[in-house]
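> My questions will all concern the structure given below.
The values are calculated or read from the model by the stated rules, or taken from the named source; none is laboratory data. Since the model is a prediction, treat every value here as computed from it, not as a measurement. For neighbour counting, all protein chains shown are included, and Cβ atoms are generated from backbone atoms with ideal geometry for every residue, glycine included. When the accessible area is computed, the model is the full protein with side chains, heavy atoms only, and any ligands, DNA or RNA have been set aside. Shrake-Rupley method; radii C 1.70, N 1.55, O 1.52, S 1.80 Å.
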Amino acid sequence: MDRNNGVVIVGAGHAGVQLAASLREEGYAGAITLLSDDPRAPYQRPPLSKAYMKREADAEALILRGPAFYEQKAVDLRRGVEALAIDRAARVVRLMTGDSVGYDALVLATGGQARAFPVPGADLAGVHALRDMGDAEALRHKLETSKSVVVVGAGFIGLEFAAVAAKAGLKTSVVEVAPRVMGRAVSSTISDFYAQAHRGFGVDLHLGVGVGAIKGKDGQACGVRLADGRVLPADFVVVGIGVVARDGLAKAAGLDCPNGVRVDARLATRDPHVFAIGDVALHPNAFGHREMRLESVQNATDQARALARTLTGKPTDYMALPWFWSDQGDLKLQMVGLADTASTFVTRGDPATRAFSVLGFDAGGRLVSVESVNKAADHMIGRKLIPMQAKLTPAQAADTSFDLKTLARG
Ligand code: FAD
């Protein structure tokens, strides 16, 4: 970095806050400005559909770093301040306050937003997304004041919410246009197990059917009409059909944004002073063998750590192994690697015990993914085995008497 305006980070989610911390850990002594359009103290999102939704954690417990962190580390956190435009020639970010802030390095950590649902009725009152604390607060209230809900979309967030709603005693339906749940991210063995598990939780699951419209009465959602004409009545509707990158700022600044902000292995855009990390970054993924956006805490924090090294003169490619978790009812799903790069799957353990793993191998016979249900030990072993390219056959993986732990020791 050649001038002395320091680093400006737009977005104070997992990626932005971790970057501020990692820059100081790596010895960066310049100015750090962290812009957040949210007036709240920066917080974690995963608990919004888990402990917070179940009222097992309050807002305070979700805060990423206490106020002392920003003070001690000299991070200028500006809450409730949206970055409106980037002037790349002048290396300046224009803010909603009317001020501008100059940068040597600008990092876009703007995350994502809930995908809009293009059906009639989607704008009715009582149709909710689940992306931020405000959404979660509204839904916690609905859980206490309603009798029924339809969840559109059987991805991680939709299913986590459905499990909480069913447990809270609401008549809960889930509608998914794909033939299986979490279909973009997990093996069919895991999908099938979770479909059955949700039916066991009391969820009325409709797979392979789209939504024609959200029905309303007096401006209020009162149910969902399926594409096949059936109507599912509901007191409210939750739409969880995915996340789109918040890349508008970058697009308007002329950066390449086909689906998120395109960056290279060093997380740099084609402007050498502008970088992107976290949910918004379309990056070449070493384990996915393609450009992708990953929506996970692991990706956000590991990209932040890698970029902090690069920005402090230790050029570092982003190479971290992807991992993720999801809590649904009594089931903890932990995933490492990317299941969609596997072509052969074997099951280790008996799904009937509700504690087992599915190991995925690619066409070359390499272990590339481990999906574990209530099997934290297998997950931790998978995090060692995949990067070391351990010699493991599918038959050995399926044999529970074969010792994976010893293999992981190398
Ligand atoms: P974000 O957390 O989205 O933060 C970006 C921030 O930038 C936001 O606060 C936004 O308001 C701000 N911003 C955007 N534009 C501007 C601007 N112009 N000016 C100023 N500020 C701006 N991941 C897991 O790994 N495991 C889980 O179990 C899991 N569960 C989840 C459950 C829910 C309900 C949700 C919503 C997400 C979950 N995730 C989970 C995903 C995880 O939370 C995200 O991958 C992570 O938050 C990404 O961090 P980020 O910093 O890239 O983006």
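> Output the number of the condition that Thr189 fails; it satisfies all remaining conditions of (1) of a type outside the set (A, V, I, L, M); (2) touching a residue at least 40 places away in the same chain (Cβ under 8 Å); (3) not in a helix (DSSP H, G or I).
For Thr189, the failing item is (3).
> Something else now. Are there any pairs, at least 6 apart or on different chains, whose C-beta atoms fall under 9 Å, with the first in the stretch 289-307 and under 20 Å from Tyr43 (Cβ atoms) and in contact (Cβ under 8 Å) with a residue 40 or more places away in the chain and the second within 7 Å of the ligand (Cβ to nearest atom) and open to solvent by 80 Å² or more (accessible area, probe 1.4 Å), and if so, which?
Pairs that qualify, where the first residue is under 20 Å from Tyr43 (Cβ atoms) and in contact (Cβ under 8 Å) with a residue 40 or more places away in the chain and the partner is within 7 Å of the ligand (Cβ to nearest atom) and open to solvent by 80 Å² or more (accessible area, probe 1.4 Å), are Val297/Arg45.
> Pairs needed: first member in the stretch 215-243, in a strand (DSSP E or B); second member anywhere, charged (D, E, K, R) and open to solvent by less than 70 Å² (accessible area, probe 1.4 Å); C-beta distance under 6 Å; at least 6 residues apart or different chains.
Phe236/Lys142
> Scan the stretch 23-36 and tell me whether some residue there is more than 16 Å from the ligand (Cβ to nearest atom), of a type outside the set (A, V, I, L, M, F, W, C) and open to solvent by less than 10 Å² (accessible area, probe 1.4 Å).
No: zero hits.
> Please state which one of Ala41, Ala12 is within 30 Å of Gly313 (Cβ to Cβ), in a loop (DSSP other than H, G, I, E, B), within 13 Å of the ligand (Cβ to nearest atom) and open to solvent by less than 70 Å² (accessible area, probe 1.4 Å).
The conditions single out Ala12.
> Based on what the data block shows, is Val211 more than 13 Å from the ligand (Cβ to nearest atom), over 22 Å from the mean Cα position of the chain (by Cα) and without any contact (Cβ under 8 Å) to a residue 40 or more places away in the chain?
Judged against the criteria, Val211 is not a match.
> Limited to the stretch 68-92, what total is found for residues that are within 14 Å of the ligand (Cβ to nearest atom) and of a type in the set (Phe, Trp, Tyr)?
Within the stretch 68-92, residues that are within 14 Å of the ligand (Cβ to nearest atom) and of a type in the set (Phe, Trp, Tyr) number 0.
> Exactly one of (1) in contact with a Leu (Cβ under 8 Å, 6 or more places away or on another chain); (2) assigned to a loop (DSSP other than H, G, I, E, B); (3) open to solvent by 20 Å² or more (accessible area, probe 1.4 Å) is unmet by Tyr318. Its number?
In the conditions (1) in contact with a Leu (Cβ under 8 Å, 6 or more places away or on another chain); (2) assigned to a loop (DSSP other than H, G, I, E, B); (3) open to solvent by 20 Å² or more (accessible area, probe 1.4 Å), Tyr318 misses (3) alone.
> Residue by residue through the stretch 44-66, note down the ones that are among the charged types (D, E, K, R) and near the ligand (Cβ under 8 Å from one of its atoms).
Arg45, Lys50
> Hey, could you check the stretch 208-249 for residues that are in contact with a helix residue (DSSP H, G or I) (Cβ under 8 Å, 6 or more places away or on another chain) and of a type outside the set (Val, Ile, Thr) and say which is least open to solvent (accessible area, probe 1.4 Å)?
Phe236
> Out of (1) closer than 19 Å to Met133 by Cβ; (2) open to solvent by 50 Å² or more (accessible area, probe 1.4 Å), the odd one out for Ser49 is which?
(2)
> Could you grab me the full set of residues in the stretch 277-320 that are away from the ligand (no atom under 14 Å from the Cβ), within 18 Å of Ser22 (Cα to Cα) and not hydrophobic (A, V, I, L, M, F, W, C)?
Of everything in the stretch 277-320, those that are away from the ligand (no atom under 14 Å from the Cβ), within 18 Å of Ser22 (Cα to Cα) and not hydrophobic (A, V, I, L, M, F, W, C) turn out to be Arg309, Thr310, Thr312, Gly313, Lys314, Pro315, Thr316, Asp317.
> Oh, and also: Can you name every residue in the stretch 168-186 that is open to solvent by less than 20 Å² (accessible area, probe 1.4 Å) and either assigned to a helix (DSSP H, G or I) or under 18 Å from Gly208 (Cβ atoms) (or both)?
Selection gives Ser173, Val174, Val175, Val181, Met182, Val186.
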